[in-house]
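Below is one structure; the comments refer to it alone.
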Amino acid sequence: MHNDFTRGYSTSTMTLPFFVNKLGHDLLGLQIGVAEGVCTSNLLQCCPTIKKMDLVDSYEPYEDYIGFSNVKNNQQFRESVVKSTEVKKINYDSIPLTKIVQEECDELYDIALENLLYSGYLDSVEFFRMDSEKFLQTVENNTYDFIFLDAHLTYEQVYRDMVNWTPKLKTGGLLAIHDYFHVETYHAVHAYRTDFNIEDKLYRFHNDGVVWFKGLKNGLAEVKPNWI
């Protein structure tokens, strides 16, 4: 029996399918940062347009800075982030961290495989349990129809991920980034767009996500699905 990941899950991909399904059929996608695989399972069940997804996660010990509190979900906090005009970085020495050890990482990986199995889409994914920058070296430019970045923790990581992975995305392809209203993610996204003169229309989606279509200033108005 398959689990229905389209209901009852507040995932970071809950409304992302609206954008992915605009791209056409037989899509090749990439997700960096997989954790328990719930977001991937949700996306695959909601997007019959996806033919295959590559999933990259090292499942090595880490410290979770983004999840240190619920303040990022507070409306007042969001407004303060948007109104800020300079890069603000968190003093991570002053906040409690969630430390994930190797045993927990191994368990997360097993749970991800189980969730993907019970989603009915395990055969539609290829798992790469490795550092994303090592995997990067194996990927040619203009490979993916969409890329979902969900592994970053700091300003530097968000910025580096965008620099590294945008060339791997086809023109007109979708770049999606989670934790947009985390203060460092927000500033990294806009610094990158400024530094590289990115004028592609920006869209927000449920649970602090942000997307744009590579090379399309008018966004959805310019999307030509790959079946045309």
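Key figures
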| quantity | calculated |
| --- | --- |
| Subset of the range 136-150 (residues that are in contact (Cβ under 8 Å) with a residue 24 or more places away in the chain and over 18 Å from A176 (Cβ atoms)) | E140, N141 |
| Scope the range 118-130; condition open to solvent by 90 Å² or more (accessible area, probe 1.4 Å) and not in a loop (DSSP other than H, G, I, E, B); matching residues | Y118, D123 |
| Some residue of the range 158-181 being among the aromatic types (F, W, Y), modelled with pLDDT under 90 and under 24 Å from Y59 (Cα atoms) | yes |
| Qualifying positions in the range 112-145 - under 17 Å from the mean Cα position of the chain (by Cα) and hydroxyl-bearing (S, T, Y) | S132, T143, Y144 |
| Tally of residues being closer than 10 Å to V211 by Cα and not small (G, A, S) across the range 159-181 | 5 |
| Residue within the range 14-34 that is at pLDDT 75 or above and within 14 Å of N115 (Cβ to Cβ) present | yes |
| Count of the range 9-29 residues which are of a type outside the set (V, I, T) and surrounded by fewer than 20 Cβ atoms within 10 Å (Cβ to Cβ) | 10 |
| Test result for Y59, closer than 23 Å to Y109 by Cβ, modelled with pLDDT under 95 and either open to solvent by 40 Å² or more (accessible area, probe 1.4 Å) or in contact with a strand residue (DSSP E or B) (Cβ under 7 Å, 6 or more places away or on another chain) (or both) | no |
| Residue selected from the range 33-58 under the condition assigned to a loop (DSSP other than H, G, I, E, B) and closer than 21 Å to R129 by Cβ, by the criterion nearest to the chain's Cα centre (by Cα) | G33 |
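The values are calculated or read from the model by the stated rules, or taken from the named source; none is laboratory data. Everything numeric in this text was worked out from a predicted model, so none of it was measured. A quick note on method: Cβ atoms are made from the backbone with ideal geometry, for glycine too, and the neighbour counts reach across all protein chains shown. Just so you know, the surface numbers come from the protein's heavy atoms only, side chains and all, with ligands and any DNA or RNA stripped out. Shrake-Rupley method; radii C 1.70, N 1.55, O 1.52, S 1.80 Å.
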